[in-house]
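Q: The structure that follows is given in the form of structure tokens.
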Amino acid sequence: MRIKIGDSAKIKTELLCGFVLENSNVVLGLGNFDIKTTSVINQTLKDMEGKLGRLSIIPLSEKNAIQRILLAGIGKKEEITRDTIRSISGKIAQKARELKLKEFTIIAPPTFLIDSMLSVSQIVEGSKMSLYKFDNFKSEKAEKSPDLTIIVSKSNKISNIIKEAEIIANSVIFTKSIANLPPNQCTPATLAKFAKTISKNTRIISEPELKKQGFGGISAVGQGSKNKPKLIVLEYNNGPRNEKPVVLVGKAVTFDTGGISLKPGDRMDEMKFDKCGGCTVLGIMKAVSELKMSINVVGIVPSVENMPGGESYRPGDIIKLYNGKTAEILNTDAEGRLILADALAYGEKYYAPKAIIDFATLTGACIVALGTNIAGIVSNNEKITKKIYESSKRTTEDVWELPLNQDYMDMIKSEVADMKNVGIGRAAGTITAAAFLRNAIKDTPWVHIDIAGVAWTQIATKEKSYNPKGATGFGVRLILDYLQNMKN
Ligand code: BES
Ligand code: MN
Ligand code: ZN
């Protein structure tokens, strides 16, 4: 899909799309076009009432420079959110593909409605993201994505805005496309290969080096699979030399059977998505370098496959984590916190970062607490949490903070080791998992993002055009916004 800026005076398109406010009798921005079929347009406007999400197509004469007009309802002006243009643009793009068009045109809403730069990036993100389809393994491929022309009233700097939004959307798509891979096609070694395509500055730590260097969590969880564990470390240094980096850590369990504490079979296939945190980190690193951001960022992805077998780690085992603390294993299905604890401690020790952010499909409890549309966050630092909330508002990747105090830290104390890898019963499972992670680091500002509910589309997931079935790439847009704004 190619995207370019168009000129309303010279337009020639198979489909011209404009936005309509609720109960409005005008198509936003259509006044600049030389179009005569006013009575049909007026009647269609009346019929559709500009209701949010409604699309109406008016065919014009084949000979016309404009072959069809599409009116897209965006609802009440006061109720427009930062997601409206993104999700409606996605619907439009899917419609254009359904009609097998080669190209389509969207008129960006005028500035009185939304900042024009903002709406253009939302048009780009929405249409690109919603045209992605995971069809690698289908004999019949999805229709080719149509090209997009955007009409804007003020066009200075817009081409940069488009380029940037394209990079961001492509990185989300990259994250989705590796996260969607089935577990027989994506092992820790496969992820390591993907990481190397993103950056030359990538290190892979493998067995036996992992054991030798003391990565007890990654080694223990990984020992039950023939697909050996990898610790993937990507560095991006384009900020001031002496500026501390931001460290991003992502859980990448390429398949989580639960191990010896085997999961029930129902929907176990979805545990191919247990690598989504790591895929998010890879997507962010890709975008950061393509955007040539002037910052220092390190991505750390501990990757394992959690399998049951004669070599597997067991309930009852006591292991030593990278920071020297010992952990009693009471459930081999609580594996994410073990590999993350190693990665977090490593990131803090080697990079003395100014902030650490981790992403993980860590707990089913997070879905019970917050459902499948909001990620859970737990942090040790109010300032960085506030920044994440601000980015969340701007990107509509929703988060909600859960508390962590000493009482919860006490819930993971073990009789026989420094910690145990589960809390007490089912109580506050997301928080006790975070308490385990909290123990891995000292006082570096840290935010943990539990994406168990939001990393892929589940039964209760709110449908959005730009999140077709499968992995969502949650966190890529959120953290790119954070990185772009952290110095403000
Ligand atoms: N990857 C799972 C968490 C998960 C489950 C994410 C379902 C999304 C959907 C994680 O490794 C896990 O199994 N967690 C256990 C922890 C428990 C054993 C303390 C859980 O949530 O049940
Ligand atoms: Mn598990
Ligand atoms: Zn898991």
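The values are calculated or read from the model by the stated rules, or taken from the named source; none is laboratory data. The shown structure was predicted, so the numbers you read here are calculated from the model rather than taken from an experiment. In this analysis, Cβ positions are derived from the backbone assuming ideal geometry, glycine residues included, and neighbour counts consider all displayed protein chains. Keep in mind that these areas ignore ligands, DNA and RNA; they rest on the heavy atoms of the full protein, side chains included. Shrake-Rupley method; radii C 1.70, N 1.55, O 1.52, S 1.80 Å.
Q: Cys17's amide H: which non-local residues (gap 5+, or another chain) put their own amide H closer than 5 Å, with H modeled 1.01 Å from N in plane and none for Pro or chain starts?
A: Leu70, Thr105, Ile106, Ile107
Q: I would also like to ask the following. In degrees from 0 to 90, rounded to the nearest 10, what is the angle of the helix 84-98 Cα long axis to the longest principal axis of the chain?
A: 70
Q: Quickly work out the Lys102-to-Ser56 label distance, labels modelled 7 Å from Cα along the C-beta direction, and quote it in nm with one decimal.
A: Each label point lies 7 Å from its Cα, and together they span 3.0 nm.
Q: Ignoring everything except DSSP H segments at least 4 long, calculate the 222 nm mean residue ellipticity for the chain; use -39,500 (n - 2.57) per segment, divide by total residues, nearest 500.
A: Dividing the helical sum by the residues of the chain leaves -10500 deg cm²/dmol.
Q: Sticking with this structure for a sec: Tilt of helix 38-48 relative to the longest C-alpha principal axis of the chain, in degrees (0 to 90, nearest 10)?
A: Here the helix axis deviates by roughly 40 degrees.
Q: Next question, about the same structure. Through the Karplus equation 6.51 cos²θ - 1.76 cosθ + 1.60, θ set to phi - 60°, convert the phi angles of the range 122-130 into ³J(HN,Hα) values in whole Hz; use x for Gly and Pro.
A: Coupling constants for the range 122-130: 5, 5, 5, 4, x, 6, 5, 5, 7 Hz.
Q: Which whole-Hz ³J(HN,Hα) couplings does the range 304-319 yield from phi under the Karplus relation 6.51 cos²θ - 1.76 cosθ + 1.60, θ = phi - 60°, glycine and proline marked x?
A: Residue by residue, the range 304-319 yields 8, 10, 9, 10, x, x, x, 9, 5, 6, 10, x, x, 4, 10, 10 Hz.
Q: Let me ask something else about it. Restricting attention to the range 393-422, which GluC sites (Glu not before Pro) occupy a DSSP loop and are surrounded by at most 15 other Cβ atoms within 10 Å?
A: Counting only loop positions with at most 15 other Cβ atoms within 10 Å, the GluC sites (Glu not before Pro) in the range 393-422 are Glu415.
Q: If we count chymotrypsin sites (Phe, Trp or Tyr not before Pro) as exposed when they sit in a DSSP loop and have at most 12 other beta carbons within 10 Å, what is the longest stretch of the chain that avoids them all?
A: In the chain, the maximal stretch lacking such sites is 138-488.
Q: To continue, here is another question. Ignoring ligands, DNA and RNA, how do Lys244, Lys464 rank by accessible area with a 1.4 Å probe, largest first?
A: Sorted descending by solvent-accessible area, the residues read Lys244, Lys464.
Q: Related question: What does the C-alpha gyration tensor say about the overall shape of the chain? Classify as rounded when a/c is under 1.5, otherwise prolate if a/b is larger than b/c, or oblate.
A: prolate
Q: A follow-up question, please. Would you mind checking Lys10/Lys95; Lys12/Lys469; Lys163/Lys386; Lys12/Lys286; Lys100/Lys469 for any pair whose Cα atoms are more than 30 angstrom apart?
A: In this structure, Lys12/Lys469; Lys12/Lys286 exceed 30 Å between Cα atoms.
Q: Leaving out same-chain residues fewer than 8 places away, which aspartates and glutamates sit with a Cα under 16 Å from that of Lys63?
A: Glu14, Asp34
Q: Residue separation times 0.36 nm, minus the C-alpha to C-alpha distance between Ser155 and Glu143: what's the value?
A: Value of the extension gain: 1.2 nm.
Q: Follow-up question, since we're still on this one. When the accessible area of the range 78-137 is split by element with a 1.4 Å probe, what percent falls to carbon and sulfur?
A: Accessible surface attributable to carbon and sulfur in the range 78-137 totals 50 percent.
Q: Quick check on the chain: of the DSSP beta bridges with both residues there, what percent are antiparallel, nearest 5%?
A: Of those bridges, close to 40 percent are antiparallel.
Q: So, one more: Looking at the range 249-313, which GluC sites (Glu not before Pro) are in a loop (DSSP not H, G, I, E or B) and have at most 12 other Cβ atoms within 10 Å?
A: Answer in residue order: Glu311.
Q: According to a simple spin-label model (label point 7 Å from Cα along Cα-to-Cβ), what is the distance in nm between Asn242 and Arg314?
A: 5.5
Q: Now for a different question. Name the trypsin sites (Lys or Arg not before Pro) in the range 111-205 that are in a loop by DSSP and that have at most 15 other C-beta atoms within 10 Å, would you?
A: In loop regions of the range 111-205 (DSSP not H, G, I, E or B), the sparsely surrounded trypsin sites (Lys or Arg not before Pro) are Lys138, Lys141, Lys144, Lys154, Lys157, Lys200.
Q: Let me ask another. Write down the accessible area per residue of the range 105-238 in Å², having rolled a 1.4 Å probe over the full set of protein chains.
A: 44
Q: Hey, with R₀ at 25 Å, roughly what FRET efficiency would Thr111 and Lys63 work out to, going by the Cβ-Cβ distance, to 0.05?
A: So, using R0 = 25 Å, E works out to roughly 0.15.
Q: If the cut-off is 24 Å between C-alpha atoms, which lysines fall inside it for Lys211, apart from same-chain ones fewer than 8 positions away?
A: Answer for Lys211, where 24 Å is the Cα cut-off: Lys193, Lys196, Lys226, Lys228, Lys230, Lys251, Lys275, Lys320, Lys325, Lys349, Lys420, Lys442, listed by chain and number.
Q: Quote to one decimal, in nm, the extra length available between Lys4 and Ala189 on full extension: 0.36 nm per residue of separation minus the C-alpha distance between them.
A: 62.8 nm
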